[in-house]
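A quick write-up on the structure given underneath.
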């Protein structure tokens, strides 16, 4: 791949915010915390002792970051970067929101931690608020510390509820790095962990730009993708299939927005065959797609919803599974065979309660929807008119992808699938150019994603698009089409 997603260097491989990130305290205000620490000292200690995920350790050179606020972050030299990645697409509420920081501080002063076997006020309130925004009869929340754990527990719940074994998951997906979640993953990060857990079957989801169904319209893509899924379920034995798990909008693997009718069709298939429908909303949820949950865009109710990331912008690790009443009832008189020491951690739950309040008070979901429709979408389409290397622009809310190609007619990707080393040079150069201009990008394979915080302002988006306008010249140099 052109950029290792967990490598903060990018090597190898929302209403106006409550506090304006442009008004960040100057470097001297942080002197007490940093006067004895230099960028090089941080870098040296990091390389000596920190082992990074999804990365060859010997080629890393992570950039030391000293502080962040709103949509921006600063290195130790004072250089500012516009965070067009929301880190790993999780800082939905922006960096260092003062109300969220205060909620964590208040909870730490009152009760830092308590085990998951007792009742706690912020845990129950977080669960109530999360269930309140979920569609249909999804009324209970099983807490975890992150997205992969949420996925692991969701498939366990589905298997026990149905008494079946097989789990269907899509190609071009990412569900996490733990053993079960990475087996479900439909992209190359799965390969090194194979063989994985048994019973996982992969299928093709809709992706009109590179349709495996030879479709030419969204309607054809929807119909043919659903028929493919139906045929595969039947051939695998519908009575053996416990669940279908899908990212409601595919994230890392391309911001693939499903055509209208597709998720409803998956819901209907699951109902027909008694299969549990699991929506992975870890990346797409909590405002990212301009809705509380991405499935709300199509008025679809899953049986289980996996969440993490945006629920509290990653300020404290938190994830979970929102459960339908029917699945929760399976465990009324049957022990649920799972648990985590830090499930429903008070600091994390307090941050979730505060975050949901901030989303509501400041109209952050509405801001994400508006800015996608009025600023990001039109801005990216204007760039596509100017830069031949842009093959397609797609997305919604603050969840967009720009697919870069060498030839628009053939749709040859700018870099080959899963490219690394010299083959990935065009994307590597593009990432370096973005950072040199003060833009922190999120890239994967031949795509750059536009995924700023949901609190991003019009001016900040325009700043980022202006930088992309400059740096896309790098991709244009590799264009070979007419």
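The values are calculated or read from the model by the stated rules, or taken from the named source; none is laboratory data. No experiment lies behind these values; they were computed from the predicted model shown. Virtual Cβ from ideal backbone geometry, glycine too; neighbours counted across all protein chains shown.
Points worth noting:
Each row is one residue, and each column tells you yes or no for (1) under 22 Å from residue 99 (Cβ atoms); (2) over 21 Å from the mean Cα position of the chain (by Cα); (3) at pLDDT below 95; (4) part of a helix (DSSP H, G or I).
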| site | (1), (2), (3), (4) |
| --- | --- |
| 326 | no, yes, no, yes |
| 349 | yes, no, no, yes |
| 355 | yes, no, no, yes |
| 365 | yes, no, no, yes |
| 405 | no, yes, no, no |
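- Of all the listed residues (393, 375), the sole one being closer than 12 Å to residue 465 by Cα and modelled with pLDDT of 95 or more is 375.
- Among the candidates 93, 130, residue that is part of a loop (DSSP other than H, G, I, E, B) and within 30 Å of residue 449 (Cα to Cα): 93
- Test: residue 409 is surrounded by fewer than 23 Cβ atoms within 10 Å (Cβ to Cβ), within 30 Å of residue 292 (Cα to Cα) and either at pLDDT below 95 or in the same structural domain as residue 396 (by TED's automatic domain parsing) (or both): no
- Residues located in segment 436-463, provided they are surrounded by fewer than 24 Cβ atoms within 10 Å (Cβ to Cβ), in contact with a strand residue (DSSP E or B) (Cβ under 6 Å, 6 or more places away or on another chain) and part of a loop (DSSP other than H, G, I, E, B): 438
- Only one of the listed residues (466, 425, 433) is outside the structural domain of residue 287 (by TED's automatic domain parsing), under 18 Å from residue 377 (Cβ atoms) and surrounded by fewer than 20 Cβ atoms within 10 Å (Cβ to Cβ). That residue is 466.
- Residue 374 vs. criteria surrounded by fewer than 20 Cβ atoms within 10 Å (Cβ to Cβ) and more than 30 Å from residue 188 (Cβ to Cβ): yes
- As for segment 290-302, it holds at least one residue that is at pLDDT 95 or above, assigned to a helix (DSSP H, G or I), over 18 Å from the mean Cα position of the chain (by Cα) and under 25 Å from residue 400 (Cα atoms).
- Residue 278, sole failed condition from (1) closer than 29 Å to residue 118 by Cα; (2) assigned to a loop (DSSP other than H, G, I, E, B): (2)
- Just one of the listed residues (109, 115) is over 30 Å from residue 277 (Cβ atoms) and part of a loop (DSSP other than H, G, I, E, B), and it is 115.
- All positions within segment 381-394 that are surrounded by fewer than 23 Cβ atoms within 10 Å (Cβ to Cβ) and touching a helix residue (DSSP H, G or I) at 6+ places or on another chain (Cβ under 9 Å): 382, 383, 386, 387, 388, 392, 393, 394
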